[in-house]
Amino acid sequence: MTDPTWTAVRAARAWLDRANGTDPAELTCRILKVTEEAGEAAGAWIGLVGQNPRKGVTHSLGDVADELADVALTALVAIESLDLDARQVLDDRAARVHARLRETLPATEVRS
């Protein structure tokens, strides 16, 4: 991810800390916010494929991507709010996933 991503994540965390504090109830809300954003991504997908016949197609692929990006950013803000380095947590998790993929997939499908 780019530096603007991490700048935005840290700025959002600081803004939330100032506005709402950092007690356990606030941290709970930040984690629950990830679920809310995921619901919005699901709603955008439903709108893209026209699953609701009453509404038809209401969203674009770009809308879905934007909502998924909101999920990712919200999760990173939640990680930062736990006084962890979200960049390091994400890098560590990505390395573990990549290692599992290298073990299970043919070498032609996984690049190091």
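The values are calculated or read from the model by the stated rules, or taken from the named source; none is laboratory data. Predicted, not measured: the structure shown is a model, and the values here were computed from it. Cβ coordinates were reconstructed from backbone atoms using ideal geometry, including for glycine residues, and neighbour counts include every protein chain displayed.
Total residues in region 18-31 satisfying the condition of being assigned to a helix (DSSP H, G or I) and surrounded by 12 or more Cβ atoms within 10 Å (Cβ to Cβ): the figure is 6. Pairs are defined by a Cβ separation below 6 Å, a sequence spacing of at least 6 or placement on different chains, a first member in region 82-105 that is surrounded by 11 or more Cβ atoms within 10 Å (Cβ to Cβ) and in a helix (DSSP H, G or I), and a second member that is of a type in the set (Val, Ile, Thr) and modelled with pLDDT under 95; the pairs so defined are Leu101/Val110; Arg102/Val110.
Could you please let me know if Ile31 is under 13 Å from Val9 (Cβ atoms), in contact with a helix residue (DSSP H, G or I) (Cβ under 7 Å, 6 or more places away or on another chain) and of a type in the set (Val, Ile, Thr)? Judged against the criteria, Ile31 is not a match. All conditions but one from (1) part of a helix (DSSP H, G or I); (2) surrounded by fewer than 16 Cβ atoms within 10 Å (Cβ to Cβ) apply to Ala41; the one that does not is (2). Would you confirm whether or not region 4-17 contains a residue that is surrounded by fewer than 17 Cβ atoms within 10 Å (Cβ to Cβ), hydroxyl-bearing (Ser, Thr, Tyr), assigned to a helix (DSSP H, G or I) and within 15 Å of the chain's Cα centre (by Cα)? There is at least one residue in region 4-17 that is surrounded by fewer than 17 Cβ atoms within 10 Å (Cβ to Cβ), hydroxyl-bearing (Ser, Thr, Tyr), assigned to a helix (DSSP H, G or I) and within 15 Å of the chain's Cα centre (by Cα). If the condition is being among the charged types (D, E, K, R), loosely packed, with under 11 Cβ neighbours inside 10 Å and either in contact with a helix residue (DSSP H, G or I) (Cβ under 6 Å, 6 or more places away or on another chain) or part of a helix (DSSP H, G or I) (or both), then region 45-81 contributes no residue at all.
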